[in-house]
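Please read the structure below before turning to the comments.
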Amino acid sequence: MPDPVPSSSQDRTAPDAAPVPATRRRIKDLEVMVADVIPETADTTTLVLFTGNDALDHRPGHFLTIDPHQFAALDRWTRWLEDSKGRCEPPRAYSLASAPHEHRLAITVKEERYTSGVDAYPPLLSPLLVRRTPRGTRMVITGFTGPYVLPDDIEQRTDHLLHVCAGSGVVPNASILKHCFEHHPKLRHTLVLGNKTWDDVIFRDALAAMQRERPANLRVVHALSREPAGARRGAEVVSGRVDVTLLASLLDDPTAVEVFTCGPAVSRFEKQRAKLEGVTPAPRFQETVLDALEVLGVPKQRVHKESFG
Ligand SMILES: Cc1cc2nc3c(=O)[nH]c(=O)nc-3n(C[C@H](O)[C@H](O)[C@H](O)COP(=O)(O)OP(=O)(O)OC[C@H]3O[C@@H](n4cnc5c(N)ncnc54)[C@H](O)[C@@H]3O)c2cc1C
């Protein structure tokens, strides 16, 4: 069994545009084999990757990329999408669900859905990774990089981390949490998770187990937007979206907390469409959270953010 993977922006739709981190790392291609496939929810799967290399150079919060061109099963789709869009399909980024001290690498992928009449194109890679990547599959990954990482001086900066995540946005934060429990056991964490329903919560049981093991260090609060009777699920479950009132109730000192927030933001495609239509795109999770943190007085330099469309 793999270590319990609390069994996943800059703009997560644009991994090729990710800023280069301050310390330049050696990014390299690695051939890996899928050693385990763990269904997390109805549309989300963790892939445990065997690398044959114990000394992997990554930090909690880093992502890897996967180039869709390597999959024969996607060949016709990839070429059709490239013809239609008039551009090369870029590699997709996936945050590491595993922490650096764990002996296996893992990513957790949520299947992107296609809504007719709304989405311009069907998603390319995530349906394959979630539903059609059996144990034994070989693939090439490229990694590891990204600016959404735990600062080395975290214990000098704070004793309380607030994680605010939605959907697969929990993936990099799960890695950060596991790393902190291993290397910074004095830090306190509050994890706020936004999802539609209880069954959509990725890593739900693993996070509950972590909380039972470390009640003084970890508090997990769920906000369920499509479960009006969410509170029946437990004392730490509220109905509705993550908003300023919920965040205010969880912050003892907004000026001293360090925030890590990851979840959907208005995508560049939504921004382009809104511009053409002359409207302002409706805020999504990430815009709402960033506004709330500003209202609550959390200093900008204490807010680490990663988003995906
Ligand atoms: C740093 C980072 C980390 C990430 N980590 C994770 C993770 O841990 N887990 C996870 O599940 N996901 C993660 N993602 C998201 C992931 O990289 C993919 O974006 C996601 O899996 C969807 O890829 P896809 O190929 O299935 O869909 P895509 O083919 O990329 O399509 C996604 C959506 O974009 C629309 N679209 C695509 N091209 C166009 C276009 N030209 N014009 C208009 N609309 C278009 C499609 O219609 C569709 O709605 C991360 C992203 C980043 C940048």
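Go through Lys85/Lys300; Lys196/Lys271; Lys178/Lys271; Lys186/Lys271 and tell me which ones have a Cα-Cα distance over 32 Å in this structure.
Lys85/Lys300; Lys178/Lys271; Lys186/Lys271
Kindly report, to the nearest 10 Å², the accessible surface of Arg233 as traced by a 1.4 Å probe over protein heavy atoms only.
Accessible area of Arg233: about 110 Å².
Could you state how much accessible area Lys28 has, in square angstrom rounded to the nearest 10, with a 1.4 Å probe and all protein chains kept in place?
Rounded to the nearest 10, the figure is 80 Å².
Among the aspartates and glutamates, which have Cα under 15 Å from the Cα of Lys110 when same-chain residues fewer than 8 positions away are ignored?
Correct list for Lys110: Glu40, Asp43, Asp199, Asp200.
Evaluate the distance, in nm, between pseudo-label points positioned 7 Å from the Cα of Ala42 and of Arg241 along their respective Cα→Cβ axes.
2.2 nm
Rounded to the nearest 10 Å², what accessible area does Lys271 show when all protein chains are kept and the probe is 1.4 Å?
Taking all protein chains as shown, Lys271 has close to 120 Å².
Determine how many Å³ per residue the convex hull of the Cα atoms of segment 10-145 encloses.
Convex hull volume per residue, Cα atoms: 120 Å³.
Determine the order of Asp291, Asp200 by accessible area, beginning with the largest, at a probe radius of 1.4 Å.
Greatest to least solvent exposure: Asp291, Asp200.
Once every DSSP H run of n ≥ 4 in the chain is given -39500 (n - 2.57) and the sum is divided by its residues, what mean residue ellipticity at 222 nm do you get, rounded to the nearest 500 deg cm²/dmol?
The per-residue figure over the chain is -7000 deg cm²/dmol.
Mind jotting down the three principal axis lengths of segment 154-308 based on Cα atoms? Whole angstrom, largest first.
Reported extents, whole Å, longest axis first: 51, 37, 25.
Take segment 265-305, drop everything but the C-alpha atoms, weight them equally and run the Debye formula without solvent; then report log10 I(q)/I(0) at 0.17, 0.24, 0.26 Å⁻¹ to two decimals.
Once normalised to I(0) and log-transformed, intensities are -0.54, -0.78, -0.83.
To two decimal places, what compactness ratio does the chain give when its Cα radius of gyration is scaled by 2.2 N^0.38 Å?
Dividing the Cα Rg of the chain by 2.2 N^0.38 Å gives 0.97.
Give me the distance in nm between label points sitting 7 Å out from Cα along the Cα-to-Cβ direction at Ala209 and Tyr121, one decimal.
Once both label points are built, they end up 3.9 nm from each other.
The values are calculated or read from the model by the stated rules, or taken from the named source; none is laboratory data. Predicted model only: the values in this text are computed from it and were never measured. Counting neighbours? That spans all protein chains shown, and the Cβs are built from the backbone with ideal geometry, glycine included. Ligands, DNA and RNA are stripped out before the accessible areas are found, and what is left, the full protein with its side chains, is counted by its heavy atoms. Shrake-Rupley method; radii C 1.70, N 1.55, O 1.52, S 1.80 Å.
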